[in-house]
1. In deg cm²/dmol, rounded to 500, what helix-only [θ] at 222 nm does the chain give when every DSSP H run of at least 4 residues adds -39500 (n - 2.57) and the total is split over its residues?
2. May I ask you to evaluate 6.51 cos²θ - 1.76 cosθ + 1.60, the Karplus curve with θ = phi - 60°, for each residue of the stretch 65-73 and list the ³J(HN,Hα) values in order in whole Hz, giving x for glycine and proline?
3. Which whole-Hz couplings ³J(HN,Hα) result when phi for each residue of the stretch 55-62 is put into the Karplus expression 6.51 cos²θ - 1.76 cosθ + 1.60, θ = phi - 60°, listed in order with x for Gly and Pro?
4. How big is the chain on each of its three principal axes, counting only the C-alpha atoms and giving the largest first in Å?
5. Skipping prolines and chain starts, which residues have an amide H placed within reach, meaning under 5 Å, of the one on Val80, given they are 5 or more residues away or on another chain?
6. Using amide H atoms built 1.01 Å from N in the peptide plane, name the residues 5+ places from Thr67, or on other chains, whose amide H lies under 5 Å from its own.
7. Assigning unit charges at the beta carbon (Lys, Arg +1; Asp, Glu -1) and nothing else, what dipole magnitude in debye, to the nearest 20, does the chain show about its Cα centre?
8. Taking the dipole about the Cα centre of the stretch 1-97, with the C-beta of Lys and Arg at +1 and of Asp and Glu at -1, give me whichever of Ala48, Ile6, Gly87 is farthest to the positive side.
Amino acid sequence: MSRTSIRIVIGDQTLDGTLSDNPAARSLIEQLPLTLDFSDYGRQEVTAAPPAPITMTGMPAGESAPTGTIGYYAPGGVLVLYYTNVGRFNGIVRLGHIDGDVSILKGWSGSRAVTIELAE
């Protein structure tokens with residue numbers, strides 16, 4: 001499998017992204033399309049729980065998450081869209097990245113429906 005192009009739809013705005021070729025990203029791809037309620041966490045990311053856990057088999061115990069990372073935080077069981085740089089932390093797994101401006105993710109109060117789908 002190679003890298004997989006996705007779309008992240010928030011209201012009337014769309015972000016393009018790419019999922020990596022790793023076991024965790026493939027387990028997310030198997031669940032797409034998804035519409036989840038994401039909310040801000042720590043003024044650095046937005047998070048939502050997928051319907052099924054993402055596999056950690058073959059993945060590192062922890063990674064950093066540069067701005068624009070599509071990730072999974074295993075201890076919390078949540079998908080994460082990072083809009084700031086987060087240093088290495090146990091439990092962070094990189095699934096891919098968002099191509100372009102992630103400022104739409106900043107400053108949320110409450111939750112927002114976000115659809116993640118394969119790009120055509």
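1. Calculated at 222 nm, the ellipticity per residue is -1500 deg cm²/dmol.
2. 9, x, 3, x, 5, 9, x, 9, 9
3. Once rounded to whole Hz, the list reads 5, 10, 4, x, 9, x, 5, x.
4. Taking max minus min along each principal axis of the Cα atoms, the chain gives 35, 32, 25 Å.
5. It is Gly71, Tyr72, Tyr73, by chain and number.
6. So Thr67 has HN proximity to Asn85, Val86.
7. 320 debye
8. Towards the positive end, the residue furthest out is Gly87.
Taken together, the values in this text are just the output of simple stated rules run on the coordinates, not laboratory data. Keep in mind the model is a prediction, meaning the values are calculated, not measured. For neighbour counting, all protein chains shown are included, and Cβ atoms are generated from backbone atoms with ideal geometry for every residue, glycine included.
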